[in-house]
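Undergrad: Take a look at this one; I'll ask things after.
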Amino acid sequence: MRVIFLLFWSSLMIAQSYDLSYYLPDIPYDNKIPTPKEFIGHEVGEWHVTHDKQYYYMKELARLSDRITLTEYAKTYEGRPLIYLTITSPNNREKLEEIRVEHKKLTDPEVSHEVNIDDLPVVIYQGNSIHGNEPSGGNGALATAYYLAAGQGPEIDRLLSEAIILFDPCYNPDGFQRFSTWVNSHKGKNMISDPNSREYNEAWPRGRTNHYWFDLNRDWLLLTHPESRGRIKTFHHWKPDILTDHHEMGSNSTFFFQPGIPTRTNPNTPKRNQELTAAIGEFHAEALDEIGSLYYTKESYDDFYYGKGSTYPDAQGCVGILFEQASSRGHYQNTDHGILSFPFTVRNQVATMLSTQKAGIALRKELLEYKRESFKEAQRLAQSNPIKGYIFGDKDAPYRTKRFIDILNQHQISVYELSQNHKSFERGSSFLVELDPKQYRLTKSIFEEQTTFEDSLFYDVSAWTMPHAYDLPYSALKSIKGLKGDRVESFEVNGELIGSGKAYAYLVPWHQYLAPKMLQALHEQNVMVKLSTTKFSNMIGNEEINFDLGTLIIPVGNNQAMSPSQLENLIKKLAIENHLKVYKANSGQVTSGYNLGSRSTEKLEPQNIMMVIGNGVNSYDAGEMWHHFDQILEMPVAMVDISRMSRIDLSDYSTIILPDGNYSSLSSSSNKIKDWVRQGGNLVAVRRAIKWLKSKDIIKAEIKSTTNKGSSTQEPFGEAGKQRGALVTGGMIAKTEIDITHPLFYGYKRNETFMFRRGNDFFKPMINPYQTPARYSSNPVVSGYLHRSNEENLKESAAVFTNRLGRGTVICIMDNPLFRGYWWGGSKLFANAIFLGDIID
């Protein structure tokens, strides 16, 4: 009770006092270094600092302090700089590169025994506010950076002598700026603590995410975004010993620090990692005890998915630590524990930033020795593992292969050419990854399929097998003897226009990854494009080339938008830019199949697309679609708020997309949408949007089953939460059988693909067999956790199905085909739903 009173009282008092002494130790400070208030104009916690003020303050500290070097490592989509400060003693700065090189030797088991760790500094990487609306870390960064730049005395001298601190004040500048603008613009002179007030309830999509509404704390492994790619480059440049990630959680919570739930630790993570996490936790407990803050550990959060900031390091000889502070979500909010002020949340973050540094010094030798031993252990594990490597690749998917190789290289996982063909894998288009001890654990987790688990509850996804995400065939190898060729630093996919002479038409095989982007570019130039719905062969020069279903046909004579020479220059330019093989046909006469002027070809019309967004819509899924349109297809999409649907003319749009979400607020417009489809509209619905369509009788579909409610026998009440949690499908990989003759699967070469499954909605296949071009297989679980009752429901249920309504089509996709921007295997399905919806009968 006394601690709760202290929390309440300190929060109440800080509403009136924001002095730096509230956050920092009472030590002398260099008066040549400006305090945050002297530079940005307000005390820490008085307002939510904007990213520009934070950035320029960090620049000023680097300019004035002989302890700090500022490095810009990336720029956000909105052009904001991402930076980190390297903070250490002046003596260490003079030999910084020497220290870095010596420190990295600990990750090489062949030379790590040569490293003397007696005087080697520990490397601590501290990062903040990867979720933009979790701002206490980013605001606390002001006080911590000041402490490190200006603090005086033997304690800080020792810290700077024995540590290299990589200090990232803000992992997510765009979201951080979005949130600070919201809360500051709603702060009054007389602060209000009512949680219902507008200040504490952000507008959709809220500030958590980056520019495209992605959760950057799920992108450490996937590397979809520049923020993540730059951060990972920094991580591998230094190979830190501790990495901290400062977050916030629900306002009625307290403060969490790791370790998390023991049974939910990734099995590839060394036991010693969790022991050190606990040892470091003792320092956090001491710091929070001193200021009377409530906290907890070993609950709620886990260390399973390697794509999070606190878990990615655990596979690489580093201790990752998550902090979660109860969020004020503004300046001064009433909670179950009393008034929670923003400065109070900041103080807890600062306290644990400093306790991390203290722990790093106290456990310096243990951390350095752990790094050395973890890579030696990885060497032993690699030697004893019957799997020695993985082979992957697809001659029909060079661009997806290139992307996967790029990701592996960024994680410092070595990729090699094949020195010879191996089974169905061909030299030149397939590649080898060895289970190298330097990245043994991360490599194993990227390629392995896991279906058995110690625990049935997961904070995030339970699978991420990346070759399946890129829809690339791959295989584990028990021997790599005779297969390992040269190291592949990069894999180039060159586009070209193939053929000579006068062009009758240009032919673009649709299976190529960026063919839809070329189609959009041609439509923007008013070039007519047709699509083949049959296979055919044609002579290109002296070679007969086979063309599959979905091949784009660009006739020269029928295009009036430009001259033949201008069209050829455009085609050549687009082929090179989009890494495509485009063929020049000299005649409409084919060697097999129907001629290029056949009635079996379909004219593809330009698309004007609307995507419904706003309250109720899953902002992650919507953002993933927006990102794909904008960054991959380079195609404009009108994002229309759900509240406006009743007031706009739908006839302006050829396709409407309903991402996953709760569409109850759209019910008044259901008849309007149904009429639009009847008039020829193409409606694409994903996940929960499908159930809404069924409830409004826009589609005819039969639910296969509902979620199993659990055991019918009497169970202990204390187990109820676990039983309910075990039914949750948070993320697994499912095998799916597809009809590659159906327009929705034009461009796919195999009769099966993989989908990332979330949720427990299941539909029976359509009675008309041609309306279910994809269904989950009879043995659908490839990797990840799925409760046995849900597995029965998933078996042979519909994965993709269509309904015809009047002259229009409704396309239902049960899983997000663009999950987290890295599920490239679903991108062709998404493009087909957009561009080819008109031709589905």
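Undergrad: Under the condition of being acidic (Asp, Glu) and farther than 17 Å from Ala397 by Cβ, which residue from segment 488-509 is least open to solvent (accessible area, probe 1.4 Å)?
TA: Looking at the filtered set, the residue picked out is Glu496.
Undergrad: Of the residues that make up segment 640-649, is at least one under 29 Å from Asp396 (Cα atoms) and not aliphatic (A, V, I, L, M)? Walk me through it before giving the result.
TA: Residues of segment 640-649 under 29 Å from Asp396 (Cα atoms): none.
No.
Undergrad: Okay, moving on. Can you go through Val461, Val488 and tell me which one is over 30 Å from Arg264 (Cβ atoms) and of a type in the set (A, V, I, L, M)? Before the answer, list the steps.
TA: Numbers: Val461 fails: over 30 Å from Arg264 (Cβ atoms).
After applying the criteria, what remains is Val488.
Undergrad: Can you name every residue in segment 386-413 that is closer than 18 Å to Leu483 by Cα, touching a Leu at 6+ places or on another chain (Cβ under 8 Å) and not β-branched (Val, Ile, Thr)?
TA: Lys388, Gly389, Tyr390, Phe392, Gly393, Asp394
Undergrad: Just for segment 572-600: of the residues that are small (Gly, Ala, Ser) and not in a helix (DSSP H, G or I), which one is surrounded by the fewest Cβ atoms within 10 Å (Cβ to Cβ)?
TA: So in segment 572-600, the residues small (Gly, Ala, Ser) come out as 575, 585, 587-588, 592-593, 597-598, 600.
From the residues that got through so far, the ones that are not in a helix (DSSP H, G or I) too are 585, 587-588, 592-593, 597-598, 600.
Numbers: Ala585: 24, Ser587: 14, Gly588: 15, Ser592: 11, Gly593: 16, Gly597: 16, Ser598: 16, Ser600: 13.
Among them, the one singled out is Ser592.
Undergrad: Which of the numbered conditions does Ser667 fail, given that it passes all the others? Conditions: (1) surrounded by 15 or more Cβ atoms within 10 Å (Cβ to Cβ); (2) at pLDDT below 95.
TA: (1)
Undergrad: Next up: State whether one or more residues within segment 623-632 are free of Cβ contacts under 8 Å to residues at least 40 places away in the same chain, in contact with a helix residue (DSSP H, G or I) (Cβ under 8 Å, 6 or more places away or on another chain) and either over 22 Å from Thr224 (Cα atoms) or open to solvent by less than 10 Å² (accessible area, probe 1.4 Å) (or both).
TA: Looking for residues that are free of Cβ contacts under 8 Å to residues at least 40 places away in the same chain, in contact with a helix residue (DSSP H, G or I) (Cβ under 8 Å, 6 or more places away or on another chain) and either over 22 Å from Thr224 (Cα atoms) or open to solvent by less than 10 Å² (accessible area, probe 1.4 Å) (or both), one finds none in segment 623-632, hence no.
Undergrad: Moving on. Return yes when Ile690 is over 27 Å from Asn558 (Cβ atoms), part of a strand (DSSP E or B), at pLDDT 95 or above and in contact with a strand residue (DSSP E or B) (Cβ under 6 Å, 6 or more places away or on another chain) and no when it is not.
TA: Here the answer is no, as Ile690 does not meet what is asked.
Undergrad: Just a yes or no: is a residue in segment 464-477 within 30 Å of Lys298 (Cα to Cα) and in contact with a strand residue (DSSP E or B) (Cβ under 6 Å, 6 or more places away or on another chain)? If you could, list the steps in order and put the result at the bottom.
TA: Going through segment 464-477, the residues within 30 Å of Lys298 (Cα to Cα) turn out to be 464-466.
Those still in the list that are in contact with a strand residue (DSSP E or B) (Cβ under 6 Å, 6 or more places away or on another chain) too: 465.
Yes - at least one qualifying residue is present in segment 464-477.
Undergrad: Let me ask something additional. Return the residues of segment 380-398 that are surrounded by 18 or more Cβ atoms within 10 Å (Cβ to Cβ) and in a helix (DSSP H, G or I); say none if nothing qualifies.
TA: Matches in segment 380-398: Ala382, Pro398.
Undergrad: Restricted to segment 405-426, and to residues that are without any contact (Cβ under 8 Å) to a residue 40 or more places away in the chain and farther than 22 Å from Asp108 by Cα, which residue is least open to solvent (accessible area, probe 1.4 Å)? Walk me through it before giving the result.
TA: In the first step, residues of segment 405-426 are kept if they are without any contact (Cβ under 8 Å) to a residue 40 or more places away in the chain; the result is 408, 413, 421, 426.
Remaining after also requiring farther than 22 Å from Asp108 by Cα: 421, 426.
Details: Asn421: 98, Glu426: 81 Å².
It comes out as Glu426.
Undergrad: While we're looking at this one, here's another question. So, of the residues in segment 270-323 that are of a type in the set (Ser, Thr, Tyr) and within 20 Å of the chain's Cα centre (by Cα), which turns out to be nearest to Gly230 (Cα to Cα)? Spell out the reasoning first.
TA: Pass one, segment 270-323, residues of a type in the set (Ser, Thr, Tyr): 277, 293, 295-297, 300-301, 305-306, 310-312.
Keeping just the survivors that are within 20 Å of the chain's Cα centre (by Cα) gives 301, 305-306, 310-312.
Details: Tyr301: 26, Tyr305: 20, Tyr306: 17, Ser310: 17, Thr311: 18, Tyr312: 15 Å.
Ranking the qualifying residues of segment 270-323, first place goes to Tyr312.
Undergrad: Of all residues in segment 282-300, which are without any contact (Cβ under 8 Å) to a residue 40 or more places away in the chain, within 11 Å of Phe256 (Cα to Cα) and either touching a strand residue (DSSP E or B) at 6+ places or on another chain (Cβ under 8 Å) or not in a loop (DSSP other than H, G, I, E, B) (or both)?
TA: Ala285
Undergrad: Please tell me if Ala359 is within 30 Å of Glu248 (Cβ to Cβ), of a type in the set (Gly, Ala, Ser), crowded, with 23+ Cβ neighbours inside 10 Å and modelled with pLDDT of 95 or more. Even if it seems obvious, please write down each step before you answer.
TA: On the way: within 30 Å of Glu248 (Cβ to Cβ): yes; of a type in the set (Gly, Ala, Ser): yes; crowded, with 23+ Cβ neighbours inside 10 Å: yes; modelled with pLDDT of 95 or more: yes.
Taking the combined requirement at face value, the residue satisfies it.
Undergrad: While we're here: Met766 versus (1) under 20 Å from Arg688 (Cβ atoms); (2) in contact with a Lys or Arg (Cβ under 7 Å, 6 or more places away or on another chain): which is the lone unmet condition?
TA: Among (1) under 20 Å from Arg688 (Cβ atoms); (2) in contact with a Lys or Arg (Cβ under 7 Å, 6 or more places away or on another chain), Met766 violates only (2).
Undergrad: Further, regarding this structure: Mind listing whichever residues of segment 617-636 are part of a helix (DSSP H, G or I) and among the charged types (D, E, K, R)?
TA: Hits for segment 617-636 are Asp621, Glu624, Asp630.
Undergrad: Another question, then. Being without any contact (Cβ under 8 Å) to a residue 24 or more places away in the chain and buried (at least 18 other Cβ atoms within 10 Å of the Cβ) is the filter here, so list the residues in segment 184-215 that pass it.
TA: none
Undergrad: Return the residues of segment 451-486 that are in a loop (DSSP other than H, G, I, E, B), crowded, with 19+ Cβ neighbours inside 10 Å and of a type in the set (Gly, Ala, Ser); say none if nothing qualifies.
TA: Hits for segment 451-486 are Ser462, Ala463.
Undergrad: For a quick check of your reading of the model, give me the residue pairs whose first member lies in segment 264-276 and is in contact (Cβ under 8 Å) with a residue 60 or more places away in the chain, whose second is part of a helix (DSSP H, G or I) and open to solvent by 20 Å² or more (accessible area, probe 1.4 Å), with beta-carbon atoms closer than 7 Å and at least 6 apart or on different chains.
TA: Close Cβ pairs (under 7 Å, with a partner that is part of a helix (DSSP H, G or I) and open to solvent by 20 Å² or more (accessible area, probe 1.4 Å)) amount to Asn268/Lys444; Pro270/Glu377; Leu276/Glu366.
Undergrad: Looking at segment 249-281 only, could you name the residues that are at pLDDT below 95, within 15 Å of Tyr306 (Cα to Cα) and in a helix (DSSP H, G or I)?
TA: Selection gives Arg264 alone.
Undergrad: Filter segment 50-74 down to the residues that are β-branched (Val, Ile, Thr), open to solvent by 20 Å² or more (accessible area, probe 1.4 Å) and under 25 Å from Pro121 (Cβ atoms) and list them by number.
TA: Looking only at segment 50-74, we keep the residues that are β-branched (Val, Ile, Thr), and these are 50, 68-69, 71.
Now restrict to residues that are open to solvent by 20 Å² or more (accessible area, probe 1.4 Å): 50, 69, 71.
Within segment 50-74, Thr69, Thr71 meet the criteria.
Undergrad: Let me ask something else about it. Of all residues in segment 637-657, which are outside any helix (DSSP H, G or I) and either within 22 Å of the chain's Cα centre (by Cα) or free of Cβ contacts under 8 Å to residues at least 24 places away in the same chain (or both)?
TA: Val637, Met639, Ile648, Asp649, Ile657 - these are the residues of segment 637-657 that are outside any helix (DSSP H, G or I) and either within 22 Å of the chain's Cα centre (by Cα) or free of Cβ contacts under 8 Å to residues at least 24 places away in the same chain (or both).
Undergrad: Do you know which residues across segment 324-339 are open to solvent by 10 Å² or more (accessible area, probe 1.4 Å) and either among the small types (Gly, Ala, Ser) or over 27 Å from the mean Cα position of the chain (by Cα) (or both)?
TA: Tyr332, Gln333, Asn334, Thr335, Asp336, His337, Gly338, Ile339
Undergrad: Scanning for something among the charged types (D, E, K, R) and assigned to a loop (DSSP other than H, G, I, E, B), does segment 495-507 turn up at least one residue? Can you show your working first?
TA: Here is the first cut: in segment 495-507, the residues among the charged types (D, E, K, R) are 496, 502.
Narrowing the set further to residues that are assigned to a loop (DSSP other than H, G, I, E, B) leaves 502.
Yes, that holds for at least one residue.
The values are calculated or read from the model by the stated rules, or taken from the named source; none is laboratory data. Only a predicted model underlies this, so the values are computations on that prediction, with no experimental measurement involved. Quick reminder, even Gly has a Cβ in these numbers, built from the backbone with ideal geometry, and neighbours come from all protein chains shown. Surface areas here come from the heavy atoms of the whole protein model, side chains and all, with no ligands, DNA or RNA. Shrake-Rupley method; radii C 1.70, N 1.55, O 1.52, S 1.80 Å.
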